[in-house]
Number of protein chains: 4
Amino acid sequence: MTTDTPTSPARRRRVAVLGATGAVGQSFVRLLANHPWFELAELAASERSAGKSYAEAARWIGGDPLPASVAGMQVLPCDPGAITADIVFSALDSSAAEDAEPAFARAGKTVLTNAKNYRMDPDVPLVIAEVNPQHLSILDAQRKARGWSGAIVANGNCAAIVASLPLAPIHERFGITKVVTMTMQAVSGAGYPGVPSLDILGNVIPYIKDEEPKIEVEMQKFLGSVSGGTIQHAGFLVSAHANRVPVEHGHTVCMSIELESRVEAAEVERAIAEWRGAEEARGLPSSPERALLLSDQPDQPQPRRQVNTGHGMTVVVGRVRADPIFTVKLVAMGHNVIRGAAGASVLNAELMVRRGLLGDR
Amino acid sequence: MTTDTPTSPARRRRVAVLGATGAVGQSFVRLLANHPWFELAELAASERSAGKSYAEAARWIGGDPLPASVAGMQVLPCDPGAITADIVFSALDSSAAEDAEPAFARAGKTVLTNAKNYRMDPDVPLVIAEVNPQHLSILDAQRKARGWSGAIVANGNCAAIVASLPLAPIHERFGITKVVTMTMQAVSGAGYPGVPSLDILGNVIPYIKDEEPKIEVEMQKFLGSVSGGTIQHAGFLVSAHANRVPVEHGHTVCMSIELESRVEAAEVERAIAEWRGAEEARGLPSSPERALLLSDQPDQPQPRRQVNTGHGMTVVVGRVRADPIFTVKLVAMGHNVIRGAAGASVLNAELMVRRGLLGDR
Amino acid sequence: MTTDTPTSPARRRRVAVLGATGAVGQSFVRLLANHPWFELAELAASERSAGKSYAEAARWIGGDPLPASVAGMQVLPCDPGAITADIVFSALDSSAAEDAEPAFARAGKTVLTNAKNYRMDPDVPLVIAEVNPQHLSILDAQRKARGWSGAIVANGNCAAIVASLPLAPIHERFGITKVVTMTMQAVSGAGYPGVPSLDILGNVIPYIKDEEPKIEVEMQKFLGSVSGGTIQHAGFLVSAHANRVPVEHGHTVCMSIELESRVEAAEVERAIAEWRGAEEARGLPSSPERALLLSDQPDQPQPRRQVNTGHGMTVVVGRVRADPIFTVKLVAMGHNVIRGAAGASVLNAELMVRRGLLGDR
Amino acid sequence: MTTDTPTSPARRRRVAVLGATGAVGQSFVRLLANHPWFELAELAASERSAGKSYAEAARWIGGDPLPASVAGMQVLPCDPGAITADIVFSALDSSAAEDAEPAFARAGKTVLTNAKNYRMDPDVPLVIAEVNPQHLSILDAQRKARGWSGAIVANGNCAAIVASLPLAPIHERFGITKVVTMTMQAVSGAGYPGVPSLDILGNVIPYIKDEEPKIEVEMQKFLGSVSGGTIQHAGFLVSAHANRVPVEHGHTVCMSIELESRVEAAEVERAIAEWRGAEEARGLPSSPERALLLSDQPDQPQPRRQVNTGHGMTVVVGRVRADPIFTVKLVAMGHNVIRGAAGASVLNAELMVRRGLLGDR
């Protein structure tokens, strides 16, 4: 991540991670351990882990060593009373998130969540910083409706994020009417221990529980607009096919896209190549140099080779070509744990700091 | 393969395999070594191999031992003058097939080919035995037009075969208008040595050279009709996305299908479950009990687990469900080397024997 | 499995499987569903599964369909009072086996166990049918010492079995003094769900908990002798290195072996090639044609290609060559779930039937 | 790589890479494209590539982009007359190296080679910079004997390097008498295209052509001493078992080691932990912070997770424990393309610059 940030706030804000021991939780720890704007002050996890040191509680699954500054931190329970930080990154699974996340919001915390529970609530912004930062404007309505002093901000399903990023400039310029989306998703998307090796070695599983409806509806929400304090979903239709493949990190997505009118593939390519995303999302500590990178190689993007582009925050796009049924087809690939989960939340939090949505503390 | 075949011809016909040392060639050897109707009489390969014993010339890549009856056979050159058999299975690559296959046909041989060269010629039948056996009727026109005493019969791209089989009953009953097809193809589809492990271990390659146009057009030809001695391609549109995945054998295909009118997924499921394919293709030595098997498991078909269903001749279909854009979507999976190549050719030859198209010798 | 067995007993004996829902339990179900000598009468598993149908309780992980005769059987609790069969195959994990197995033996059942708990007890025979059937003779002592009417017979760690089989003829003819053993073990050895894909995809884990001491001592027990009603461990030294590799089934073992005197590699090869194992273990329903198969290919044995040799009951041996430090080195590979677990137990039970150790027929 | 090097020479030396298009050649390009001491001036490859731009000639196989400074360089023939640089890194395969490398040495070039051809010649130093830099002293004898103004310096087989590094402190302190070595080698060790995916997906190949004798004898040479202008091989015996596993990068090596006298595993562990290697090899641009890193995790080292430790120049060692036959056993893992090939050569060249063996600056 870029550490030289012209807009750096005066002092580092204290943050907590909920569900800190799992795969996404560990990714949060990695991204926040030396963050220029945030101080990783507290780690929380399930009852089973609470009270242990983080080094004891978490089975660290990266190749990098567990950051020394974090190893000795005591794991706290996922309870608003136990957490003093006001900014809370949640990697809780949906059963734990169901009650915990509203409790934190009620207690005045801003919860940046990866759980699926509240994503589709009309008053919960589902945000990709470069794509729809304006959706954050509904937080006032959320607070009012729910009587919260805090808030919940969601960042969506990992495959939906990877698919939506390249659609943003296309929808903006040409208007999308239909998208058939077929994913080949990495095993890290299922967390740890996640997918048993006996199920996936040398295999493809053409099914991920509950995934396709999430992809279909979240893509419409990400690319929707705000009006009158509520989010209008984009009007295009989506059909998703979700598959698990024996890849460690990186979701690959094939898409056939129908546009409002006839457009050449080269124009779509140019729209992707030129896009920089929302101006307010640029130059943040976690912003990649480019949110979208257009590859000119015929056989790219490839997850094993390109997943770390832009420190895992860049979605690589390739094979933009005419579609015999719709208008264009293309392939997109991005890091599901970083761009699709923890990194997305952190970038959203940075955006909220810049917008003054996290207080001026 | 079933060896008890009520319609068994009076005596075994002598057959040859061209390109016998490669991956598909080896599959032919395996399927023909103890075939009830065919006697594997001759093996031919490139100059480099000619003159050697088959055991020396071929790097046998299966787990099963090289059939003893074949090990000592001398490899012949791919030259019609060197081959006495009248039925010739060709596993030649396209550069070798270009001249050799017409030369064999001119010399009176019936060539059952896996090469791409002549598949799309209007007078060359492209046949899946259970789907379009009536396409063989254009052979007369082929012989007349080309002045051949022999013939070329093709069996198509492996992914196109796997995709077309489940579409056959759907098109027959409901009429298909559009299909978006995304494949996840096994490495054996690229032959041997084929895909370098450095390229595919833990990776997905969203590109296979020249594959997508083949899939798109061959699906239309397979499901086309014969009229006036020529084949009319099916009128539906196809858009294909071809991907390589780290799977040994078995191509998995996701499809979104638009039908002529609104149809429930359950009706499509029933059409697949009930289908038995052309009557004349049943009960042949290589016929599987069912050409299509409908799985009721939510996470099937899976290549590593089900690729050998029906001795590799059955395409397993699952996840038939409504499509938010088109009418239905589903997943199909079949063995690319057997159902998609060598086994398909052998079944076609058996069909031709039954039809009396291979002489009454 | 061979079904034509000259020594077939007059009637099929009723058998039960404990721990029937796990990976080894499923392998038992597969091997016993149509067994000529045994009738699979009862399935037992943990509290969680008891009362459900087997189809509901077990997540069937093979590519083959769950045998119809078994799908509807009700899962029973692992309690001797609930089981009427006198022959009990145990796939329980060690925590469940600790109390349950002696309870079954006390209740008069013969328990053929895969658990590690009692393997090293001096009065428990640890048997590979072809290698040390004579160890069964200590069962009298076991019954007397423990006051059991039943018995426990163990079949050892999967890697130890694969390693010990090729050592049997070598030790018999030449006398082994030292063995360094290095394993590359398949993921199915850890059961299901077992090894997380995130841990093993594209990786090697040079460690398997508690595995090395088991291999070291069990090899000595398998190749030991019986004298005075007790088993004398073989006197050779063993050093084991256990590794997990991304292979589905099949443990591969490299060994450097020191013999009592100088012996040519060719003589060792001949001893392996000629060996047929104990005469009483031949021709049983689960006996492979050969317990050891010597490959003459320079790059064999290989798990993915050869694991099913002899229906998974044959250990394939290759690369027998001189060792610069000891006498010879070689590579052995066998199916860890079949030869190394369920198949080994079934073969042991067949041997006991033949020996009249399972009551009169 | 560290770029802040106190001993940096006054000017960058021009260097060439032979065999620049292959896998090891590409690694050289990566390491040399921005090297503080060397200027990558010339790239040479086979006839087929000569004359093309490097971007055209090389199929770039990394995930990182091809360095822009290199993409447009014209590939030259592997001919001393075509190369002006005096320092030549060779990634030629052995058939090309046979004639080319002596020709370059005769023409006054210093050739740092990865080919196997001259490694075992008594007057060719086989060097791991931290282990045996003193072996470079035989270059005078080499030049005299061969009448060369240039020289050949070799860096050994990749598995032998990874195995020898942890043995260096052990041999130095305790004296090694015997080593049994079992390797699990990554596919990148076979170059590109190298190992076909059909051979290695979900498989282990317990054989690598010609590898075991290389490992056995090179380990003795690396740890040998110089006396009277010649190298005395270390006197310990080595037995090697070489295996290929489905891992991208990183060779893992299990070793059972006999020492001259009884030593506790903890003392061996300490020797490894404390070792820093030859002083003159420290602080060079390619020197890792530590050549050996001792892991305290029970299941490490692991290639996928730790292969890039020290930018691929650190060998990670774990599981040091008592051996029931010899004295200790352990596991070592290192990056075969960097520490085992290109990085090793570059470090050797840096060492030679510091020693003044590459002309004045």
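Read-outs throughout are calculated quantities, based only on the coordinates presented, and are distinct from any laboratory measurement. Everything quoted here is computed from the prediction, not taken from an experiment. Heads up, the Cβs are rebuilt from the backbone with ideal geometry, glycines too, and the neighbour counts pull from every protein chain shown.
Observations on the structure shown:
- A simple spin-label model places the labels of D:Arg106 and D:Arg321 5.5 nm from each other, with each point 7 Å out along Cα-to-Cβ.
- Förster-model FRET efficiency, 41 Å R0, C:Glu47 and D:Gln297, C-beta, rounded to 0.05: 0.70
- Whole-number D in µm²/s for the stretch D:297-361 (Stokes-Einstein; Kirkwood sum over Cα pairs; 25 °C, 0.890 mPa s): 178
- Residue exposure sequence - C:Thr177, A:Thr183 - by fewest surrounding Cβ within 10 Å: C:Thr177, A:Thr183
- Between D:Leu294 and D:Val317, the built amide H atoms are under 5 Å apart, and every one of these is 5 or more places off in sequence or on another chain.
- When chain A is turned onto chain C, its residue with the beta carbon nearest the axis, and that distance in whole angstrom, is A:Ser197, 2.
- Efficiency of FRET between D:Ser227 and B:Glu289 - r from beta-carbon atoms, R0 60 angstrom, step 0.05: 0.20
- When only the Cβ of Lys, Arg, Asp and Glu is charged (+1, +1, -1, -1), the dipole of the protein assembly as shown relative to its Cα centre reaches about 20 debye.
- With contributions of -39500 (n - 2.57) from each DSSP H run of at least four residues, the per-residue ellipticity at 222 nm computed over chain A stands at -7500 deg cm²/dmol.
- Restricting the GluC sites (Glu not before Pro) of the stretch C:37-128 to loop positions (DSSP other than H, G, I, E, B) with no more than 11 neighbouring Cβ atoms within 10 Å leaves C:Glu47.
- Only Cα pairs under 8 Å and 6+ residues apart enter the sum, and on that basis the relative contact order of the stretch A:158-336 stands at 29 percent.
- Note on the stretch A:158-336: with charges restricted to the Cβ of Lys and Arg (+1) and Asp and Glu (-1), its dipole about the Cα centre is near 160 debye.
- Exercise: per-residue mean of other protein chain Cβ atoms within 10 Å, C:297-309: 5
- Cα-based radius of gyration of the protein assembly as shown once divided by 2.2 N^0.38 Å, which approximates compact folds: 0.95
- Inter-copy label distances at C:Arg12, using a point 7 Å along Cα-to-Cβ, come to 3.6, 7.0, 7.8 nm with the shortest given first.
- Computed FRET value (nearest 0.05) for C:Ser149 with C:Glu172, which takes r as the C-beta separation and R₀ as 51 Å: 0.90
- Over all Cα atoms in chain A, the spread is summed up by Rg and Dmax: 19.4, 61 Å.
- Using C-alpha pairs under 8 Å with a sequence gap of at least 6, the mean separation divided by the residue count of the stretch C:37-103 gives a relative contact order of 35 percent.
- Residues A:Thr309, D:Thr84, ranked from the fewest to the most other C-beta atoms within 10 Å, line up as D:Thr84, A:Thr309.
- Distance between the pseudo-spin-label points of C:Asp140 and C:Ile61 (7 Å out from Cα toward the beta carbon): 4.2 nm.
- Comparing Cα centroids, the stretch D:202-245 and the stretch A:195-226 end up 48 angstrom apart.
- Seen from C:Ser149, the other residues with C-beta closer than 14 Å to its C-beta sum to a net charge of +3, counting Lys and Arg as +1 and Asp and Glu as -1.
- Peptide C:110-117 - average C-beta neighbours from other chains (10 Å radius): 0
- For C:His249, B:His251, order by how many other beta-carbon atoms lie within 10 Å, fewest first: C:His249, B:His251
- Relative contact order of chain D, pairs being alpha-carbon contacts under 8 Å that are 6 or more residues apart, as %: 19
- Global form of the stretch A:35-81, assessed from the alpha-carbon gyration tensor, a/c cut-off 1.5: oblate
- Hydrodynamic radius of the stretch A:158-336 by the Kirkwood approach over all distinct alpha-carbon pairs: 16.6 Å.
- Here the convex hull built on the C-alpha positions of the stretch D:1-156 has a volume of 124 cubic angstrom per residue.
- Most mobile of B:Ala163, B:Ala33, B:Ala332 in a GNM of chain B (Cα contacts under 10 Å): B:Ala33
- Overall, chain B carries a charge dipole of about 400 debye about its Cα centre when +1 sits on the Cβ of Lys and Arg and -1 on the Cβ of Asp and Glu, all other atoms neutral.
- Counted charge near B:Ile83, where neighbours are those whose Cβ lies closer than 12 Å (Asp, Glu -1; Lys, Arg +1): -1
- Where the alpha-carbon atoms of the stretch C:274-323 are placed on the principal axes, they occupy 33, 25, 14 Å, in descending order.
- The stretch D:6-55-the stretch A:76-150 distance, computed between alpha-carbon centres (Å): 53
- Across q = 0.21, 0.31 Å⁻¹, the stretch C:250-303 modelled as identical point scatterers on its alpha-carbon atoms has Debye log10 I(q)/I(0) values of -1.04, -1.25, in the order of the q list.
- The same position C:Ala55 in the other copies lies at 4.9, 5.3, 6.1 nm from this copy, comparing label points 7 Å beyond Cα toward the beta-carbon, shortest first.
- With the label put 7 angstrom out from Cα along the Cα-to-Cβ vector, C:Glu260 ends up 3.5, 8.5, 9.1 nm from the copy partners, going from closest to farthest.
- Overall, the ratio between the Cα radius of gyration of the stretch A:244-338 and 2.2 N^0.38 Å, rounded to two decimals, is 1.12.
- Coil-residue GluC sites (Glu not before Pro) of the stretch C:201-269, DSSP, other Cβ within 10 Å capped at 12: C:Glu260, C:Glu264
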